[in-house]
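The values are calculated or read from the model by the stated rules, or taken from the named source; none is laboratory data. Computed from a predicted model, the values in this text were never measured in an experiment. Using ideal geometry, Cβ is built from the backbone for each residue, glycine included, and neighbour counts are taken over all protein chains shown.
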Amino acid sequence: MYRILLIALLLFSFYSGFGQENVAHDHESHNHSHSHNHEISIGAGVVFLSPEYNVAPGFHLHYIKGIAFQNRLGIGLGLETILEEHKHYSISVVFQYRIYKGLTAVYAPGILILKEESEKELQFAQHLEAAYEFELGAVHLGPMAGIGTAKEGIHYIIGVHFGIDF
């Protein structure tokens, strides 16, 4: 099942990037200035966990407040979970920068909460993510990929980013 989802996401990413290259847009008709002040976004994807070499679904939720450079720079809060045998949750401060047109980079340092049975362990964690957003008014959608690190290991995620600006 995960392999089918991964192949579908990779094909979507390739198709999205290919289509973008072949469509001529001038700066005014493809403006990603993001004059909004707030964004809520959800990311969902396939997570590859190391050192266990497991694959699991993962989700994140971000709230971003635009703060500078016509809201291209933003700060906010993030929640992430990986749905596998060992419970993974993280809470982070999110720094977002809209690099060029739909290309966005996110850096999120925070606290990883590992839950096994009745025991909890807290670790410093950080997450780096890149997404390419296609805008439809206040809604944006596109492929994303990321890497997360903590003492317990590294995980990689590839998936879809969906956001709403307000």
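Considering only residues of segment 33-72 that are of a type in the set (Ser, Thr, Tyr) and in a loop (DSSP other than H, G, I, E, B), which is modelled with the highest pLDDT? So the residue we want is Tyr53. Scanning segment 94-124 for residues that are at pLDDT 95 or above and more than 23 Å from Glu39 (Cα to Cα) gives a single hit, Phe124.
So, Glu133, is that one closer than 16 Å to Gly78 by Cα and surrounded by 21 or more Cβ atoms within 10 Å (Cβ to Cβ) or not? Criteria not met by Glu133. Residues of segment 47-60 being out of contact with any Asp or Glu (no Cβ under 8 Å at 6 or more places or on another chain) and either over 19 Å from Gly159 (Cβ atoms) or surrounded by fewer than 19 Cβ atoms within 10 Å (Cβ to Cβ) (or both), which ones? Matches in segment 47-60: Ser50, Pro51, Glu52, Tyr53, Val55, Pro57. For segment 110-124, the condition holds for no residue, the condition being that it is of a type in the set (A, V, I, L, M, F, W, C), surrounded by 14 or more Cβ atoms within 10 Å (Cβ to Cβ) and within 15 Å of the chain's Cα centre (by Cα). Annotation note: Cβ proximity below 6 Å between a residue of segment 50-73 that is closer than 16 Å to Phe166 by Cβ and a residue that is at pLDDT 85 or above and of a type in the set (Ser, Thr, Tyr) (sequence gap 6+ or interchain) occurs for His62/Ser41. Residues of segment 80-96 that are among the charged types (D, E, K, R) and part of a strand (DSSP E or B): Glu80, Lys87. Of all residue pairs spaced 6 or more apart or on separate chains, those with beta-carbon atoms under 7 Å, a first member in segment 92-117 that is touching a residue at least 12 places away in the same chain (Cβ under 8 Å) and over 12 Å from Leu128 (Cα atoms) and a second member that is exposed (fewer than 14 other Cβ atoms within 10 Å of the Cβ) and among the acidic types (Asp, Glu) are Leu114/Glu121. Inspect all residues belonging to segment 117-125 and state whether any of them is of a type in the set (Phe, Trp, Tyr) and farther than 27 Å from Asp165 by Cβ. Scanning segment 117-125 turns up at least one residue that is of a type in the set (Phe, Trp, Tyr) and farther than 27 Å from Asp165 by Cβ.
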